[in-house]
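Notes follow once the structure below has been shown.
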Amino acid sequence: LLLPSWLGVGAALRYAIDNGQKDAVINMQQHWPFFQTILSMCEMVFAKVDVNIAEHYEQRLVPRQLAAFGAALRQQFVADTKTLLTVLGTDQLLTQNHVLDRSIHLRFPYLLPLHLLQVELLYRVREQGEAANSELIKALLSTIVGIAAGMRNTG
């Protein structure tokens, strides 16, 4: 879900828009290189998020009583994506960066098995606790490294 990378971005943009500053935000997006860079980095992160994978992690690893929290975060992501797209003046992420869009989407099929494996390994390590053997821990660490490499900037 890459939560630390995007949580709050949509809320800040929505706050400005809802308080009559939409034109100023759009103007900043069009003419202020620093703001353009920030939004571009946010756009990249938003494009890397896969709410379906995040939901799979939650279903296997998160206590049922916290399910509503995960669902709310996924809904927040969808709302924040719409807000970002409004500010960017487009209806799809990375329309101005086809190379990055293609790169991200080409990596998704290779990351999926690593995510599925990581979910299962995390589950087993948690179940075994202190008794988890070193091979299991090494396998888990390998998925972490593999996902981080595949994401190209974070895991």
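The values are calculated or read from the model by the stated rules, or taken from the named source; none is laboratory data. Everything quoted here is computed from the prediction, not taken from an experiment. Reconstructed Cβ throughout: ideal geometry from the backbone, glycine too, with neighbour counts over all protein chains shown. Ligands, DNA and RNA are stripped out before the accessible areas are found, and what is left, the full protein with its side chains, is counted by its heavy atoms. Shrake-Rupley method; radii C 1.70, N 1.55, O 1.52, S 1.80 Å.
Here are some notes:
- Derived scalar couplings between HN and Hα for the range 26-40 equal 5, 4, 4, 5, 8, 10, 10, x, 4, 5, 4, 5, 4, 5, 5 Hz in order, rounded to whole Hz, by the Karplus curve 6.51 cos²θ - 1.76 cosθ + 1.60 (θ = phi - 60°), x for Gly and Pro.
- A Cβ-based charge dipole, computed about the Cα centre of the chain with Lys and Arg at +1 and Asp and Glu at -1, lands at about 120 debye.
- What the range 89-155 shows is 68 Å² of accessible area per residue, with the surface traced by a 1.4 Å probe over protein heavy atoms.
- In this label model, Ala12 and Ala131 are separated by 4.7 nm, measuring between points 7 Å along each Cα→Cβ vector.
- Solvent-accessible area of Ser134 with every protein chain in place, 1.4 Å probe, in Å² to the nearest 10: 70 Å²
- Each of Leu93, Leu114, Ser40 was placed along the dipole of the chain (beta-carbon charges, centred on the mean Cα), and the one lying farthest toward the positive end is Leu114.
- Short to long, the 10 Å bins of the Cα pair-distance histogram for the range 1-60 hold 20, 42, 26, 11, 1 percent of all pairs.
- The fraction of accessible area contributed by carbon and sulfur in the chain is 59 percent, rounded to a whole number (1.4 Å probe; ligands and nucleic acids excluded).
- Over all pairs of different C-alpha atoms, the chain has a mean inverse distance whose reciprocal, the Kirkwood radius, equals 17.3 Å.
- With all protein chains in place and ligands, DNA and RNA left out, the 1.4 Å accessible area ranks Thr95, Thr86 as Thr86, Thr95, largest first.
- Converting phi to 3J(HN,Hα) with the Karplus coefficients 6.51, -1.76 and 1.60 and the offset θ = phi - 60°, the range 98-110 yields 5, 5, 5, 4, 5, 4, 4, 6, 6, 7, 3, x, 7 Hz in sequence order, with x at every glycine or proline.
- Residue-averaged 222 nm ellipticity for the chain, from DSSP H runs of 4+ at -39500 (n - 2.57), nearest 500: -25500 deg cm²/dmol
- Loop chymotrypsin sites (Phe, Trp or Tyr not before Pro), the range 4-39 (other Cβ atoms within 10 Å of the site Cβ: 11 or fewer; DSSP): none
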